[in-house]
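To keep things clear, I will list the structure first and then write my remarks on it.
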């Protein structure tokens with residue numbers, strides 16, 4: 001499969017999920033350079049910001065500016081996370097292509113993260129979907145079921161709760177519903193089982209896998225999701241990120257490692273990993289004191305990678 005038609009979509013969430021988890025505030029100009037570097041590598045979907053009050057997340061105070069800059073890159077899907085209708089209105093005014101709404105499967109995490117019950121969040125989803133339809137027909141809406149695989153606050157999250165919530169948000173009108181391992185508690189068998197259950201229930205509206213590497217299983221869980229039909233994967237350059245309202249939830253799957261895994265298997269991502277690794281410089285320049293992760297960078301690309309990688313080109 002050629003680079004113009006990647007077999008999987010790597011959705012970079014670092015500019016939103018990554019930055020919200022660190023105390024430092026990346027200068028706006030640095031954010032824009034980082035986004036430019038990500039686009040240069042071939043990434044075509046980026047969650048660039050969240051629209052929340054600056055007093056809650058000062059890292060996102062420049063969300064409008066960041067979105068408008070990202071929109072200057074043709075062919076890139078510009079996404080933003082919104083927790084409510086007010087945030088959705090701001091995101092739509094900024095011009096995003098896609099809105100993501102966090103809906104927690106854990107009752108405890110829902111109250112900690114968005115200060116709403118799960119039932120109230122389903123109603124919020126319905127309101128946002130209607131707002132998008134009224135505002136701009138082309139804006140896509142995704143619900144991300146957070147804590148789908150377990151919660152550090154609540155503990156076990158019944159799979160029936162996840163499936164029921166997926167059914168409810170689809171009934172509320174979302175275009176797709178993904179599953180998030182917010183707390184890094186998932187294992188590959190669980191990932192296969194739960195994605196299969198959700199797909200049986202909501203069909204082709206089953207969306208992305210958003211995995212964390214808290215316990216070292218991020219890539220294994222992504223591969224498990226791929227095995228059962230998932231084709232969009234959230235990840236963060238350098239593994240930056242984690243939910244500030246889920247104690248112990250460390251970083252996202254490392255984008256570089258995820259791309260290396262798929263490309264080495266002959267599964268096209270459309271991303272040039274050498275250029276992607278270079279994008280780390282823009283990230284590090286903007287957050288000079290923040291640790292970054294990634295095994296691919298540490299080990300280096302294998303000898304002959306550029307000439308031999310993936311027989312799919």
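We did not get these values from a lab; they are worked out from the coordinates using the rules stated. The structure presented is a predicted model; accordingly, all values stated were derived computationally and were not measured. A quick note on method: Cβ atoms are made from the backbone with ideal geometry, for glycine too, and the neighbour counts reach across all protein chains shown.
Tabulated data for the structure shown
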{"item": "DSSP beta bridges in the chain [antiparallel fraction, %, rounded to 5]", "result": "5 percent"}
{"item": "Residue 23 versus residue 189: modelled label distance in nm, points set 7 Å from Cα along the beta carbon direction", "result": "4.1 nm"}
{"item": "Per-residue Cβ neighbour rank within 10 angstrom, fewest leading, 135, 262, 233", "result": "135, 262, 233"}
{"item": "Separation of alpha-carbon centers, the stretch 96-134 and the stretch 149-171, rounded to whole Å", "result": "14 Å"}
{"item": "Extension gain from residue 204 to residue 156, taking 0.36 nm per residue of separation minus the Cα-Cα distance", "result": "14.6 nm"}
{"item": "Label-point separation, residue 289 to residue 135 (7 Å along Cα→Cβ), nm", "result": "3.6 nm"}
{"item": "Added length on full extension, which subtracts the Cα-Cα distance from 0.36 nm per residue, residue 54 to residue 274", "result": "75.7 nm"}
{"item": "Three-way shape call for the stretch 1-96 based on the alpha-carbon gyration tensor, with the a/c threshold at 1.5", "result": "prolate"}
{"item": "Peptide ranges 38-48, 274-284, 139-149 listed from the most packed, as the mean C-beta count within 10 angstrom indicates", "result": "139-149, 38-48, 274-284"}
{"item": "Segment residue 127-residue 220, length gained on full extension (0.36 nm per residue, minus Cα span)", "result": "29.9 nm"}
{"item": "Exposure proxy order (Cβ contacts within 10 Å, fewest to most) of 293, 226", "result": "293, 226"}
{"item": "FRET efficiency estimate (nearest 0.05) - Cβ-Cβ, residue 197 to residue 65, R0 51 angstrom", "result": "0.80"}
{"item": "Fewest-first ranking of 34, 305, using other Cβ atoms within 10 Å as the exposure measure", "result": "305, 34"}
{"item": "C-alpha center-to-center spacing [the stretch 1-50, the stretch 194-216] in angstrom", "result": "21 Å"}
{"item": "Radius ratio Rg over Rh of the chain, counting only Cα atoms, Kirkwood formula for Rh", "result": "0.94"}
